1. Which residue out of A207, A238 is under 25 Å from I283 (Cβ atoms), over 18 Å from the mean Cα position of the chain (by Cα) and more than 13 Å from the ligand (Cβ to nearest atom)?
2. Filter the stretch 246-297 down to residues that are assigned to a helix (DSSP H, G or I), among the polar types (S, T, N, Q) and surrounded by 19 or more Cβ atoms within 10 Å (Cβ to Cβ), then give me how many there are.
3. What number of residues within the stretch 298-311 satisfy the criterion of being small (G, A, S) and either assigned to a loop (DSSP other than H, G, I, E, B) or touching a Lys or Arg at 6+ places or on another chain (Cβ under 8 Å) (or both)?
4. Condition check: under 26 Å from D175 (Cα atoms) and out of contact with any strand residue (DSSP E or B) (no Cβ under 8 Å at 6 or more places or on another chain). Does G209 satisfy that?
5. Going by the structure shown, is A243 touching a Gly at 6+ places or on another chain (Cβ under 8 Å), under 21 Å from S190 (Cα atoms) and either without any contact (Cβ under 8 Å) to a residue 60 or more places away in the chain or part of a helix (DSSP H, G or I) (or both)?
6. Against the definition (surrounded by fewer than 24 Cβ atoms within 10 Å (Cβ to Cβ) and of a type in the set (F, W, Y)), how does F208 come out, yes or no?
7. Give the residue that is nearest to M116 (Cα to Cα), with candidates limited to residues of the stretch 155-190 that are outside any loop (DSSP other than H, G, I, E, B) and in contact with a strand residue (DSSP E or B) (Cβ under 7 Å, 6 or more places away or on another chain).
8. Filter the stretch 210-232 for residues that are within 15 Å of the ligand (Cβ to nearest atom) and small (G, A, S) and give the result.
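Read the figures in this text as sums done on the coordinates, not as results from a lab. Owing to the predicted nature of the structure, the values given are computational and were not obtained by experimental measurement. Cβ placement follows ideal geometry from the backbone for every residue including glycine, while neighbour counts extend to all protein chains displayed.
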Amino acid sequence: MAAFNEETTAQNVIDALGSEAVGKTFVITGPSQGGIGASAAIYLAKGKPERIILAGRSQDKIQPIIDEIRNIDPAVSADFVSLNLLDRDSVRKAGEDIKRLTSDGISALINNAGIMAVEHFTKSKTGVEAQFETNHVGHFLLTSILMPEVKKRKGVVVNVSSLGYMYGGAWDLEDTDFQTYDCWEAYGRSKLANILFGIGLSKRMSAFGGAAFSVSPGFIPETKLLANSDVSEKRLTAAFEDATEKNGGVAPVQRVATIEQGAANLIMPALNPDLRKSSGAFIVECGIGSVPDWAGADQAEKLWRLSEKLIDQEVVV
Ligand SMILES: NC(=O)c1ccc[n+]([C@@H]2O[C@H](COP(=O)([O-])OP(=O)(O)OC[C@H]3O[C@@H](n4cnc5c(N)ncnc54)[C@H](OP(=O)(O)O)[C@@H]3O)[C@@H](O)[C@H]2O)c1
């Protein structure tokens with residue numbers, strides 16, 4: 001098996017593991033043009049999958065990716081499904097719409113959609129802080145709805161996290177209402193949740209031979225993530241210093257990566273059979289990254305219970 005590292009591109013992953021995509025079904029959230037999820041979808045299309053479902057809130061931004069997939073390989077079914085992660089009704093409907101398209105099961109679900117550093121405290125319809133709802137709770141609900149399909153193919157779930165989880169520090173998962181709101185702390189907590197959800201899923205999915213991972217795609221300034229946030233450079237510098245202090249002087253340094261390098265981190269765990277034995281891992285620069293002691297199995301269980309409480313539903317995998 002090829003060795004992967006920080007230089008690995010999505011094309012390298014397809015060159016090495018493309019045969020693992022043949023005949024498979026992939027679901028990716030937030031694959032808008034110019035983003036990491038879109039790149040992941042385009043490279044997966046080169047591996048002759050059966051179907052790629054692209055779920056997001058703006059069809060206009062996703063249709064060009066569907067057109068590109070059809071151009072790469074007209075035999076691949078590429079479908080848009082409307083999904084607004086800030087709206088539970090939309091998530092439930094998207095889940096059912098996806099299930100109708102995937103009666104043979106889902107090989108990999110890539111929970112990629114996300115927002116970053118919403119400057120002022122904003123809540124979803126159901127009253128949850130917007131970054132936590134979009135980046136974690138919405139994906140928790142969607143994953144729970146799609147799990148029977150993932151089970152059918154002993155599939156993989158990939159949560160797109162970030163080394164920016166450090167901006168949240170050692171969160172005790174108690175204060176979800178932010179008595180004092182900080183846009184970077186909130187982003188960090190949501191990205192920590194992506195890691196913990198991967199750990200919680202891995203434990204449960206191992207019972208049926210499935211696997212789950214969280215990944216850091218690297219720092220990719222060319223996507224819309226930074227532009228869509230209302231963050232100033234001054235605020236970014238302050239957050240970086242704060243995160244360094246919260247992590248005992250260790251700075252959350254992410255090397256600048258290209259979109260294709262970022263996308264490699266999403267598709268490598270989705271395709272790599274050799275990685276299955278490391279289910280639950282946090283993938284960084286296409287290798288296995290480390291997480292601090294306070295981001296372990298106990299925290300993952302605590303997050304699972306909190307998430308169930310927030311969606312008012314027990315989730316049994
Ligand atoms: N770029 C980086 O440096 C970096 C670093 C670490 C981690 N990440 C993570 O990588 C993932 C992808 O980010 P990106 O850099 O590719 O940014 P991006 O281009 O802004 O893509 C984000 C995607 O999420 C979608 N989205 C946002 N809110 C949504 C909602 N309520 N419902 C459904 N979809 C929603 C966006 O839809 P619209 O296009 O309609 O807005 C877009 O498709 C994110 O989870 C991010 O946290 C990125």
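1. That would be A207, the only listed residue that is under 25 Å from I283 (Cβ atoms), over 18 Å from the mean Cα position of the chain (by Cα) and more than 13 Å from the ligand (Cβ to nearest atom).
2. 2
3. Here the count works out to 1.
4. Judged against the criteria, G209 is not a match.
5. On the way: touching a Gly at 6+ places or on another chain (Cβ under 8 Å): yes; under 21 Å from S190 (Cα atoms): yes; either without any contact (Cβ under 8 Å) to a residue 60 or more places away in the chain or part of a helix (DSSP H, G or I) (or both): yes.
Taking the combined requirement at face value, the residue satisfies it.
6. Details: surrounded by fewer than 24 Cβ atoms within 10 Å (Cβ to Cβ): yes; of a type in the set (F, W, Y): yes.
So F208 fits the description; yes.
7. Step by step, filter the stretch 155-190, then rank; the result is A186.
8. S214, S216, G218, A227, S229
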